[in-house]
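The values are calculated or read from the model by the stated rules, or taken from the named source; none is laboratory data. Quick caveat: nothing in here was measured; it's all calculated off a predicted structure. Cβ: placed from backbone, ideal geometry, glycine included. Neighbour counts: every protein chain shown.
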């Protein structure tokens with residue numbers, strides 16, 4: 001947000017009525033409706049384990065199909081899985097922001113470094129024709 005001037009709203013609980021922070025479940029209908037009415041773009045994830053990757057990719061596709069540009073955050077280890085799932089779910093060209101693996105267990109300072117280094121890639125995914 002600092003580099004782009006964007007307004008950032010953080011939704012960390014995507015279960016029904018905001019009750020669960022688990023990426024290994026689908027986005028709830030009420031949260032999806034909130035996002036599509038309030039957001040201009042969505043970044044979701046983290047696709048850094050098997051079921052988290054499947055549901056994060058599925059969420060991105062659902063958001064895109066509702067007309068909302070979306071990016072799934074994944075890691076080097078799970079990007080091939082995210083790509084395969086995207087194709088299997090019918091949208092092979094999902095926007096994917098790939099970070100080093102693992103995210104879980106990585107210290108906060110390193111995560112901030114990775115996020116700073118990925119900002120230009122994220123902007124490119126959301127602002128270019130071919131993402």
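Overview of results
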| quantity | calculated |
| --- | --- |
| Lone unmet requirement of (1) assigned to a loop (DSSP other than H, G, I, E, B); (2) in contact with a helix residue (DSSP H, G or I) (Cβ under 7 Å, 6 or more places away or on another chain); (3) surrounded by 14 or more Cβ atoms within 10 Å (Cβ to Cβ); (4) modelled with pLDDT of 95 or more for residue 86 | (1) |
| Residue ID - surrounded by the most Cβ atoms within 10 Å (Cβ to Cβ), chosen from residues in segment 94-119 that are in contact (Cβ under 8 Å) with a residue 12 or more places away in the chain and in a loop (DSSP other than H, G, I, E, B) | 94 |
| Residue list for segment 56-69, restricted to those being buried (at least 17 other Cβ atoms within 10 Å of the Cβ) and either at pLDDT 95 or above or part of a helix (DSSP H, G or I) (or both) | 56, 57, 58, 59, 60, 61, 62, 63, 64 |
| Checking residue 40 against (1) out of contact with any strand residue (DSSP E or B) (no Cβ under 9 Å at 6 or more places or on another chain); (2) surrounded by fewer than 16 Cβ atoms within 10 Å (Cβ to Cβ); (3) assigned to a helix (DSSP H, G or I), the condition it does not meet | (3) |
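Condition check ((1) touching a strand residue (DSSP E or B) at 6+ places or on another chain (Cβ under 8 Å); (2) closer than 16 Å to residue 27 by Cα) across all residues:
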| site | (1), (2) |
| --- | --- |
| 56 | yes, yes |
| 59 | yes, yes |
| 63 | yes, yes |
| 69 | yes, yes |
| 80 | no, no |
| 85 | no, no |
| 90 | no, no |
| 94 | yes, no |
| 102 | yes, no |
